[in-house]
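Worksheet: one structure, shown below.
The values are calculated or read from the model by the stated rules, or taken from the named source; none is laboratory data. Everything numeric here is computed off the predicted structure, so don't read it as measured data. With ideal geometry, Cβ positions are generated from the backbone for all residues, glycine too; neighbour counts draw on all protein chains shown.
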Amino acid sequence: MSVTAIIVAAGRGVRAGGAVPKQWQPLAGARVIDHTLAAFLQNPQVTQVIAVLHGQDMVQAPALETRGITVVVGGADRRASVQAGLRAAAGAEHVLIHDAARPCISHALISDVIAALKDAPAAAPGLPVTDALWRGAHGAVEGSQDREGLFAAQTPQGFELNAIQAAHDAYQGPAADDVAVARAAGMAVVIVPGSADNLKITSPADFARAARILERQMDIRTGSGFDVHAFGPGDHVMLCGVKIPHDQGLVGHSDADVGLHTLSDAIYGALAMGDIGQHFPPSDPQWKGIESHVFLRHAGQLAVQHGFTLTHLDCTLICEHPKIGPHAAEMRAAVAEMLGLDLTRVSVKATTTERLGFAGRGEGIACMATATLVKT
């Protein structure tokens, strides 16, 4: 069974407040949408993830695409955005349609919906209504409503792709959700037990509740890296992806970028997955002279594949020369681009050893780094 997840993230979310739409606001060490996307990227039963963005948010597309996410532009309303996602899912057998504003979706609930699709054309999570229900007007109770058989609808809502595409093509007018569209086309929809934690962020207060839920289940990792390269013949050094003119080069099997090597090892360390030498053995001639961004991108991709969001990198270069300060901003930007991170999540700084030791004698450059990963 091939399953594509369509994450609908084209809304403006004005009721949630904030300077940007709610899906792009910070939450528990990442953005709302990052938590949502990570849950589906991490599920081995999901073969493709599509993010449907508002046209004004397409600046976010390159960073998402580096994580293996397909990005498409949404439409004028939610149903048009879903249809854009469905078109991009061509070739899949089944789709899961999920709101980006539900970042606390559990891996178990995703799998439960997928399992239900093996025996039904459509399935969606729902919570039985347990509170008394009133009908009211003008601030006063006018009657009660029987709650028997009532459910609060959630996402992801799963469907056979061809069936839900046809249902949307035939549907006219507004729809509460994709289940309403499916039922209008005569599709049977199985109810999967939902989760109280699978809340949809709607108001400002919902952010605090979502953060508490995510923090309960959060796996936070910190890794460290340290590396040294000696000076040798050359007219430049590569540091954190930036070519800096110098009267010497750095000696190494690759391009000897001590900054990127150290950052890579910090990420591998946080994953408990060894170091560069294990993934790219120096005894293998194919890595001779290779640009070190290959190592860093590989480490970043491993983090995503194992369900982690890289939330922060901190790198300290240790040397007397060349001077790092004039190039630090460019280095930060280069590292951020390689990993699809916001610039505010990357730190590059420098220090000296007060002319003590090999670095103080100008024999080489050392670097130490830390990386923080969050599993969502």
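Under the condition of being under 17 Å from residue 8 (Cα atoms), surrounded by fewer than 19 Cβ atoms within 10 Å (Cβ to Cβ) and at pLDDT 95 or above, the residues counted in the stretch 162-176 number 1. Remark: pairs (first residue in the stretch 253-268, more than 19 Å from residue 372 (Cα to Cα); second residue part of a helix (DSSP H, G or I); Cβ separation under 7 Å; 6+ apart in sequence or on different chains) = 253/287; 254/287.
No other residue among 192, 228 is in contact (Cβ under 8 Å) with a residue 60 or more places away in the chain and crowded, with 19+ Cβ neighbours inside 10 Å apart from 192.
Residues in the stretch 202-225 that are of a type in the set (Lys, Arg) and in contact (Cβ under 8 Å) with a residue 60 or more places away in the chain: 221 only.
Got a sec? Which helices (runs of 4 or more DSSP H) wholly within the stretch 218-321 have at least 2 residues that are modelled with pLDDT under 95? Those helices (runs of 4 or more DSSP H) span 276-279, 293-305.
The criterion of at least 1 residues that are farther than 17 Å from residue 188 by Cα is met by the following strands (runs of 3 or more DSSP E) wholly inside the stretch 117-169: 122-128, 133-137, 140-145, 151-153.
Out of everything in the stretch 333-363 that is touching a residue at least 40 places away in the same chain (Cβ under 8 Å) and touching a helix residue (DSSP H, G or I) at 6+ places or on another chain (Cβ under 6 Å), what residue ends up being nearest to residue 239 (Cα to Cα)? It comes out as 348.
Scanning the stretch 98-117 for residues that are at pLDDT 95 or above and over 21 Å from residue 81 (Cβ atoms) yields 104, 109, 111, 112, 114, 115, 116, 117. Can you find a residue that is more than 26 Å from residue 39 (Cα to Cα), without any contact (Cβ under 8 Å) to a residue 60 or more places away in the chain and aliphatic (A, V, I, L, M) anywhere in the stretch 270-292? Checking the stretch 270-292: at least one residue is more than 26 Å from residue 39 (Cα to Cα), without any contact (Cβ under 8 Å) to a residue 60 or more places away in the chain and aliphatic (A, V, I, L, M).
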